[in-house]
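S.K.: This is the structure I have questions about; it appears just below.
Read-outs: derived from the displayed coordinates by stated rules, not from any lab. In this text the structure is predicted, and so the values were computed from the model without any measurement. Every residue, glycine as well, gets a Cβ built from its backbone with ideal geometry; the counts of neighbours run over all protein chains shown.
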Amino acid sequence: MKILAHVDVEKIVGPGYFSFRSEVRELEVIRVIRHQATRNPALNRWHYQADVADHPDMHPDSIRVGVGRHYRVNIMRSGLNPKWKPPEFAPGKLVFEC
């Protein structure tokens, strides 16, 4: 599965701080994670994030998560990925391995 997402491509360093400049790239998804988007679980509204494989344009100092040190991005359904549909999660599971 592939998605469009923002990735860090340049590190900006200033006196006492650093930040990253990001650009949109097509990325290969390793796993999809969902988080409850409302206090009422009966509404079944979710925020989705994806752990993605490294892209050649990614900055090596980009912040990684988890044991596999993957890069995590937000899946933006309204703007970048309007045709993306979430996978079928097993009942009670919050992670889908691709």
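S.K.: Can I get the semi-axes of the stretch 2-97's equivalent ellipsoid? Compute them from the C-alpha gyration tensor as square roots of 5 times the eigenvalues, in angstrom, largest first.
M.R.: 27, 15, 14
S.K.: Sticking with this structure for a sec: What are the ³J(HN,Hα) values, in whole Hz, obtained from phi via the Karplus relation 6.51 cos²θ - 1.76 cosθ + 1.60 with θ = phi - 60°, for each residue of the stretch 86-91 in sequence order, with x given for Gly and Pro?
M.R.: x, x, 7, 7, 5, x
S.K.: Now a separate question. Grab the other residues whose beta carbon is less than 13 angstrom from that of residue 69, score K and R as +1, D and E as -1, and report the net.
M.R.: Value of the local net charge: -1.
S.K.: Okay, moving on. Could you compute the net charge surrounding residue 28? Neighbours are other residues with a C-beta less than 14 Å from the C-beta of residue 28; K and R count +1, D and E count -1.
M.R.: Net charge in that neighbourhood comes out at -1.
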